[in-house]
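Just below is one structure, and these are the notes that go with it.
The values are calculated or read from the model by the stated rules, or taken from the named source; none is laboratory data. Worth saying up front: this structure is predicted, and the values here are computed from it rather than measured. Note that each Cβ is placed from the backbone with ideal geometry, even for glycine, and that neighbours are counted across all protein chains shown.
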Amino acid sequence: MQLIEKLTILADAAKYDASCASSGAPKRSSKGKDGIGSTNGMGICHSYTPDGRCVALLKILLTNFCLYDCQYCINRRSSDVPRARFTPEEVVTLTLDFYKRNCISGLFLSSGIIRSADYTMEQLIRVAKLLRQEHQFRGYIHLKTIPDAAPELIAEAGLYADRLSVNIELPTETSLVRLAPEKNVGSIHQAMHSIHLGEREAKEERRAPRFAPAGQSTQMIVGADATDDSTILHNAQSLYHDYRLRRVYYSAFSPIPQSPKTVPFEAPPLLREHRLYQADFLMRGYGFSATELLAGPGNLALDIDPKLAWALANRAQFPVDLNRADESLIARVPGIGVLSARRLGALRRERRIRYEDLTRLRCVLEKAKPFIVTQDYRPPRAEHESVVLRQQLRDTPAQMALW
Amino acid sequence: MHSLRFDGSFATWRQAARRALLQGLAPHQLQWLDEEAPPSLFDQPAEGAPEPSGRLRVSPELLDLLESAAQYRGDERWSLLYRVLWRFVQGERSAVLAGDPDGSELHRRLKAVRREAHHLHAFVRFQPCKIPDAPDFVAWFEPAHDILASASGHFAERLGKHSWLIATPRDGVYWDGQHLQHERRCPAQWQAWAQQPEDDGQALWRAYYGSTFNPARLNRTVMQQHLPLRFWKHLPEGPLIPQLMSEARAGAQRDGQALVLAGRKGKRIAQINEGDAARPPSASVSGSDAPDLPR
Ligand code: SF4
């Protein structure tokens, strides 16, 4: 089979994994050295596909032959798709070629389960080792970790990879048992734990071997089962807490060809996925807890963003006086981000904050207006009911159609 | 009104601005003419005038800000910088803050310049170049701001000992493996090298791009926000974008599979039972394409 044919099949097989970021790696440079590749902590998106998603890494499977039968996956053994397998050398060649052309910042390699978990993991490691040792490649490497692989193999993967990830796949154990019968929640958590330990050792002991400096991430499929957003966010919160994950990726379940009856055949719930990312960002960057965002069971609102939803449900905290309040509280105002909150802090050390300052900082005034006080402004509608405000501030159908 | 003509470089502007500040010339008394401004009768060369005496203190941070903002191409390119500098020297520190009318414009420009440097790092596409005397890799790029000189060092870190060049309609950079040479007017030879016809290798990238796209998630608006139209024509995948979009929109297919693979004959894999012995590889696949068998 031609290389281009394999690439066509194995990129198609890998695209349902959303975690394509190339960020978080330490600074590395090849200036004046043999080999190629650099990282600087920040990710670069070298292209965008017409679905608006970033292309940062060469995201492929080593093979889409798979012994498992996960119902949501195009590569499950009962699926009638063309199959292919790269040799490790082919993956190396493609990575280096695309890298030199500046099409990618590195490799994200995963695989179907062939022969055994350990064998599959060894194959992935072999590619990373070839790149790092034979070719002195200093670009980004993300390896998918096979949950049941031996801890020694995970440790070895950490020597070469910047990021490791084990997919949690589904938000509850019941769903995993039903839709991915060969997978097991226990071993997924065990693998996350091993990675977390490896990271901790590398950080705390100076002589410990290098270990995945860009940390670990995971992916949760949304909409393949009936789990609600509240369960999803609480689950994500414990993953962040227990294993210090850098990111939880939410992947709106995309219908697959010859879809089995066990999973929906519907357009992917993209707006729901978008709201989950917004909520996740509020947990990681703004100090919100899952309970603050969704107190009881249920889903996030689709018509307004989760920050606005929180503000409308907590009117007692508002309006916030921008000349007095803590920067962290200012950052909780809808339409004002962390950066603007910091800039307001800097500005008010020079002089009093006025309403038009917010225009210059390009805050979303429509949203912020009902929730703030400045030297020359008080919200006239402060007495308005939250229901009315919500009517006025909801995203228009046109904006929502984006998603 | 003093019309000051200079070569459009930050270094010369800085000298001229220093002199103007020492002479006490207010922003509204000055007109800055860089190499792109049409010549006029009342031009005064910015260089060569006698140096007024005096001392000025400007922090290195502010100079850095001004130097970056000077890469912005647009109206009032130099006069805004002088106004910020003037106000700052007069003690109006808020002139550089994002909440100030001038500061806000300054920060908008800084952001546009940073964004364009990022575009360079993201969307430059090198192609191997086999011509004798030419560098290993060449690229053509059309940046909207003058970021090439300051943002190109990034590629020296990426490409190790390889030599490369990036040519633009205005300036150009050449890395010979050790030094970065920047020419404000890109030599014609560099431009010719950079505009070679596409090589075969681009087909692989296009195959990847087509396959990694999920047609069930088509979202043109978000895509164009991140990848503005003006870059498409220089990307090997550019011509593919409208095609993939219209195929996905036509809705021939509602799942995520790439259209080129849809309906192709596939291969189901037999269920593996505990204790199964190794089976001979199936006839339809062989060599490295064959699946591994259970141990
Ligand atoms: S293990 Fe499951 S999710 Fe992974 S490739 Fe195989 S079938 Fe797909």
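Numerical summary
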item: Options A:Gly139, A:Gly112: the member that is under 23 Å from the mean Cα position of the chain (by Cα), more than 16 Å from the ligand (Cβ to nearest atom) and within 14 Å of another protein chain (Cβ to nearest Cβ); result: A:Gly139
item: Residue within the stretch A:343-366 that is among the basic types (Lys, Arg) and either over 25 Å from B:Val96 (Cα atoms) or more than 14 Å from chain B (Cβ to nearest Cβ) (or both) present; result: no
item: Elements of type helices (runs of 4 or more DSSP H) in the stretch B:207-264, at least 3 residues being among the hydrophobic types (A, V, I, L, M, F, W, C); result: B:229-232, B:240-250
item: All helices (runs of 4 or more DSSP H) inside the stretch A:329-388 with 1 or more residues being closer than 18 Å to B:Gly103 by Cβ; result: A:338-350, A:355-360
item: Hits in the stretch B:218-244 - residues which are within 20 Å of A:Pro268 (Cβ to Cβ) and crowded, with 17+ Cβ neighbours inside 10 Å; result: B:Leu218, B:Asn219, B:Val222, B:Met223, B:Leu244
item: B:Gln225 vs. criteria under 20 Å from A:Ala56 (Cβ atoms) and more than 7 Å from chain A (Cβ to nearest Cβ); result: yes
item: Filtered residue count, the stretch B:87-105, keeping only those that are more than 11 Å from chain A (Cβ to nearest Cβ) and hydrophobic (A, V, I, L, M, F, W, C); result: 2
item: Flag if B:Glu247 is crowded, with 16+ Cβ neighbours inside 10 Å, more than 7 Å from every other protein chain (Cβ to nearest Cβ), in contact with a helix residue (DSSP H, G or I) (Cβ under 9 Å, 6 or more places away or on another chain) and on the phi < 0 side of the Ramachandran plot; result: yes
item: Evaluation of A:Arg126 against (1) away from chain B (no Cβ under 14 Å); (2) away from the ligand (no atom under 16 Å from the Cβ) (one fails), failing number; result: (1)
item: Residues satisfying the stated conditions in the stretch A:65-76, i.e. more than 7 Å from the ligand (Cβ to nearest atom) and of a type outside the set (Ser, Thr, Tyr); result: A:Phe65, A:Leu67, A:Gln71, A:Ile74
item: Residue match in the stretch A:170-193 (condition: in a loop (DSSP other than H, G, I, E, B), buried (at least 21 other Cβ atoms within 10 Å of the Cβ) and touching a helix residue (DSSP H, G or I) at 6+ places or on another chain (Cβ under 8 Å)); result: yes
item: Tally of residues being of a type in the set (Gly, Ala, Ser) and within 16 Å of the ligand (Cβ to nearest atom) across the stretch A:1-44; result: 5
item: Qualifying residue in the stretch A:81-103 (condition: among the hydrophobic types (A, V, I, L, M, F, W, C), away from the ligand (no atom under 12 Å from the Cβ) and over 28 Å from A:Arg247 (Cβ atoms)); result: yes
item: Qualifying positions in the stretch A:146-160 - small (Gly, Ala, Ser) and either farther than 25 Å from A:Tyr72 by Cβ or part of a helix (DSSP H, G or I) (or both); result: A:Ala150, A:Ala155, A:Ala157, A:Gly158
item: The stretch A:142-175, subset away from the ligand (no atom under 16 Å from the Cβ) and polar (S, T, N, Q), residue nearest to the chain's Cα centre (by Cα); result: A:Thr172
item: Criterion (within 7 Å of chain B (Cβ to nearest Cβ), basic (Lys, Arg) and more than 16 Å from the chain's Cα centre (by Cα)) met by exactly one of A:Lys27, A:Lys33; result: A:Lys33
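Let's see how each residue does on (1) closer than 28 Å to B:His162 by Cα; (2) of a type in the set (Lys, Arg); (3) not assigned by TED's automatic domain parsing to the domain that holds B:Pro143:
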| residue | (1), (2), (3) |
| --- | --- |
| B:Val173 | yes, no, no |
| B:Gly177 | yes, no, no |
| B:His182 | yes, no, no |
| B:Ala188 | yes, no, no |
| B:Ser211 | no, no, yes |
| B:Ala216 | no, no, yes |
| B:Thr221 | no, no, yes |
| B:Leu229 | no, no, yes |
| B:Pro236 | yes, no, yes |
